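**Student:** Structure below; questions to follow.
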Amino acid sequence: TDELKWGKLVGEDKYGNKYFENNEYFLGRNRWVHYAPKHGLEYDGSQIPSEWHRWLHSMTDDPPNKVPPSPQHKWLADHEQNPSGVNPRREYVPYSTTRPKIEAWKPPSKPL
């Protein structure tokens, strides 16, 4: 997205991301995405749905707009970008239920 490349438009996902390919480039550099304009410069890899991720990383030669993936099950959640680093109220913060092996020193307090 920050490079000057030319290639043919292969498809677009429902989020507005456009996918391109040019087989004159080296393998691994021949497929790329232009993120939807609504993201501006705040784009990241988690904004790409899994079916397009497979195509971008050459796991399949057929883009999902030509060979659709298996049908979406009712119980399967829709793709959602990772909110960590963008939305502090929804970011993932791990926690531990075990005591740390090393604890910080606490100076003794004077009795009142």
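The values are calculated or read from the model by the stated rules, or taken from the named source; none is laboratory data. Quick caveat: nothing in here was measured; it's all calculated off a predicted structure. Remember, those area values only see protein heavy atoms, side chains included, never the ligands or the DNA or RNA. Shrake-Rupley method; radii C 1.70, N 1.55, O 1.52, S 1.80 Å.
**Student:** Provide, as a two-decimal number, the C-alpha radius of gyration of the chain over 2.2 N^0.38 Å, N being how many residues it has. Mind showing how you got there, number by number?
**Tutor:** Numbers: Rg = 22.1 Å, N = 112, 2.2 N^0.38 = 13.2 Å.
Its radius of gyration relative to the 2.2 N^0.38 Å reference: 1.67.
**Student:** For a test of understanding, tell me how many lysine pairs in the chain have Cα atoms under 20 Å apart, given they are 8 or more places apart or on different chains.
**Tutor:** On the way: Lys5/Lys18; Lys8/Lys18; Lys8/Lys66; Lys14/Lys38; Lys14/Lys66; Lys14/Lys74; Lys18/Lys38; Lys18/Lys66.
Pairs that pass both the separation and distance tests number 8.
**Student:** With each run of n ≥ 4 DSSP H residues scored as -39500 (n - 2.57), what mean residue ellipticity at 222 nm is computed for the chain after dividing by its residue count and rounding to the nearest 500 deg cm²/dmol? Before the final figure, lay out each step's value.
**Tutor:** Working: 1 runs with 7 residues, N = 112.
Taking each H run of at least 4 residues, the total per residue is -1500 deg cm²/dmol.
**Student:** Okay, next question. Over the chain, with every protein chain in place, what whole percent of the accessible area is carbon and sulfur at 1.4 Å, could you tell me? Don't skip to the answer; put the middle values down first.
**Tutor:** Working: 5490 of 9850 Å².
Ligands and nucleic acids excluded, carbon and sulfur give 56 percent.
**Student:** Same structure again: Per residue, what accessible area does the chain have, given a 1.4 Å probe and all protein chains present, in Å²? Mind showing how you got there, number by number?
**Tutor:** Numbers: 9850 Å² over 112 residues.
Normalised by residue count, the accessible surface of the chain is 88 Å².
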